[in-house]
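Visitor: Take a look at the following structure, please.
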Amino acid sequence: MKVAYILFDKMTTLDFVGFYEAVSWLKILNAKENVSWELCAKREEITDDRGMTIQIKHISPDLSKYDLIFIPGGMSTRELRYDTEFISWIQTARDVEYKVSVCTGALLLGAAGFLTDKIATTNPAAYELLIPYCTEVVKARIVRDGNILTGGGVSASIDLGLYLVESLTNKDVVKKVQKMMDYPYYQAGKLSNIFMPHTSDEYC
């Protein structure tokens with residue numbers, strides 16, 4: 001599984017790092033074969049919403065070569081959804097198997113057309129902004145519609161990463177990852193608590 005982490009100026013870094021930390025254990029523990037990832041952006045250096053800079057090696061790659069794209073949130077997503085060059089780049093991921101966002105990263109998935117006829121979630125402060133892009137905005141921590149996965153605000157990135165780990169492996173693996181992360185809050189083995197249309201009436 002080859003992952004593209006899509007980063008941009010004024011993103012919220014915990015949106016990215018929470019998911020990244022959890023999913024990277026797939027490789028560290030050899031829980032899934034051929035796991036790799038790349039940090040991708042439109043420029044060689046991005047600065048997050050707290051002033052931290054991150055160096056980028058993969059500039060505007062064709063996203064179709066990845067198995068999963070991940071988009072974090074941040075206040076700048078509100079403007080980026082109208083940036084035609086940026087959204088055109090995201091659209092190169094149209095055939096990628098897994099499309100994942102946390103927080104207002106869902107606005108970018110939506111602007112790229114990936115949430116059409118889908119349910120999704122985002123940061124509670126941005127529910128209204130997401131409405132035009134999807135069938136229904138669900139007030140849940142994690143929402144899965146097919147292989148579109150969206151997470152709520154900021155810290156939900158950790159839970160979403162652990163959910164992906166569990167869905168790709170099993171309960172024992174995710175419990176091991178939780179122990180390594182010292183993160184007891186995710187409820188391993190209760191995938192029914194993830195909101196999925198036609199399969200569960202429960203919200204996470």
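The values are calculated or read from the model by the stated rules, or taken from the named source; none is laboratory data. Values in this document were obtained by computation on a predicted structure and should not be read as measured data. Cβ coordinates were reconstructed from backbone atoms using ideal geometry, including for glycine residues, and neighbour counts include every protein chain displayed. These accessible areas exclude ligands, DNA and RNA; they are computed on the full protein's heavy atoms, side chains included. Shrake-Rupley method; radii C 1.70, N 1.55, O 1.52, S 1.80 Å.
Visitor: Counting Lys and Arg as +1 and Asp and Glu as -1, each charge on the Cβ, what is the dipole of the range 71-204 about the Cα centre in debye, to the nearest 20? Present the calculation step by step, with values, prior to reporting the outcome.
Guide: Values: 13 positive and 15 negative charges, 73 e Å.
Rounded to the nearest 20 debye, it is 360 debye.
Visitor: Still on this structure, please answer the following. Mind telling me which of I28, I54, I90 comes out most flexible in a GNM of the chain, alpha-carbon contacts under 10 Å?
Guide: Checking each option, the largest mean-square fluctuation is seen for I28.
Visitor: In terms of modelled amide H atoms, which long-range or inter-chain residues lie less than 5 Å from the amide H of S76?
Guide: none
Visitor: So what are the ³J(HN,Hα) numbers for the range 17-26, from phi and the Karplus equation (6.51, -1.76, 1.60; θ = phi - 60°), rounded to whole Hz, Gly and Pro as x?
Guide: Values, residue by residue: 5, x, 5, 4, 4, 5, 5, 4, 5, 4 Hz.
Visitor: Of all DSSP beta bridges in the chain, what percent run antiparallel (nearest 5)?
Guide: Restricted to the chain, the bridges split so that about 25 percent are antiparallel.
Visitor: Calculate one ³J(HN,Hα) per residue across the range 143-157 by plugging θ = phi - 60° into the Karplus curve 6.51 cos²θ - 1.76 cosθ + 1.60, and present them in order as whole Hz with x for glycine and proline.
Guide: 10, 10, 10, x, 9, 9, 10, 10, x, x, x, 6, 5, 4, 4
Visitor: Right, something else. For the chain, set up a GNM with springs between Cα atoms under 10 Å and report which of G189, G105, G152 has the largest fluctuation.
Guide: Maximum fluctuation in the GNM of the chain, among the listed residues, is at G189.
Visitor: Tell me, what % of the accessible area of the range 72-128 is carbon and sulfur with a 1.4 angstrom probe?
Guide: 46
Visitor: Rank-order 165-172, 139-146 by packing density, defined as the average count of other C-beta atoms within 10 Å over each peptide's residues, highest first.
Guide: Working: 165-172: 16.9, 139-146: 20.4.
Listed from highest to lowest mean packing, they are 139-146, 165-172.
Visitor: Pull up the cross-link candidates among the lysines for K57, meaning alpha carbon to alpha carbon under 30 Å and not fewer than 8 places away within one chain.
Guide: Within the straight-line cut-off, K57 pairs with K2, K10, K27, K32, K42, K65, K99.
Visitor: In addition: Give the separation of the Cα centroids, the range 1-48 to the range 89-146, in Å.
Guide: 18
Visitor: Looking at the chain, identify the longest residue range that excludes and avoids all chymotrypsin sites (Phe, Trp or Tyr not before Pro) in DSSP loops having at most 11 other Cβ atoms within 10 Å.
Guide: Free of exposed loop sites, the longest segment is 83-184.
Visitor: Calculate, for the chain, the solvent-accessible area per residue in square angstrom, rolling a 1.4 angstrom probe over the heavy atoms of the protein chains.
Guide: About 47 Å² of surface per residue is accessible.
Visitor: From the phi angles alone, apply the Karplus equation (6.51, -1.76, 1.60; θ = phi - 60°) to the range 101-108 and give each ³J(HN,Hα) in whole Hz, x where the residue is Gly or Pro.
Guide: Here the 3J(HN,Hα) series is 9, 10, 6, 7, x, 4, 4, 6 Hz.
Visitor: Given W89, G152, L68, which one lies farthest toward the positive end of the charge dipole of the range 10-160, if we put +1 on the Cβ of every Lys and Arg and -1 on the Cβ of every Asp and Glu?
Guide: Of W89, G152, L68, it is G152.
Visitor: A further question on this structure: Could you compute Rg(Cα) / (2.2 N^0.38 Å) for the range 115-189, with N its residue count?
Guide: Output field value: 1.19.
Visitor: While we're on this one: Relative contact order for the chain: what is it in percent, counting Cα pairs under 8 Å that are at least 6 residues apart? Mind showing how you got there, number by number?
Guide: Numbers: 444 pairs, mean separation 40.9, N = 204.
Relative contact order of the chain: 20 percent.
Visitor: Still on this model: Build a GNM of the chain with springs between Cα atoms under 10 Å: which of P61, P184, P132 gets the top mean-square fluctuation?
Guide: P184
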